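Each remark here refers to the structure printed beneath this line.
Every number in this text was worked out from the coordinates using simple rules, so none of it is lab data. Here the structure is a predicted model, which is why all the values come from computation and not from measurement.
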Amino acid sequence: SAPAAAPPAGSPATSPAAQEAVPAPAVQQQRRRGGGRGANRRPSGRERHDEKITVYVSAEELMDLEHARLVLRGEHGLAVDRGRIVREAVAVVLADLESRGDASILVRRLRGR
């Protein structure tokens, strides 16, 4: 990310008290990575992703996705977000396409069979 612009001279952020209140970048980075967790907390398993796409879904598809998230949490003890579900689903479908080709579920669905 781009560095923040310096605040105007005389603004509160340039006072010595304000500078002491802002953690050093290394501390901020450690907090972002979860370094401030208590010893008994487990990591969430979330990963940072650098690429992004936007996908539009119908209200029904969004409700189905949210329902799947709740089922995974309630019935299977898996606390995952919708993005993780979508990434896993894409991985499964692409692996099926790679291994089964023309007989894959993706090809069959896209052809309407």
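Summary table
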read-out: Mean shadow area of the range 60-113 over all directions, Cα convex hull, nm²; value: 4.4 nm²
read-out: Whole-Hz ³J(HN,Hα) from phi, Karplus 6.51 cos²θ - 1.76 cosθ + 1.60, for the range 77-93, glycine and proline x; value: x, 10, 8, 10, 8, 4, x, 5, 4, 5, 4, 5, 4, 4, 4, 5, 5
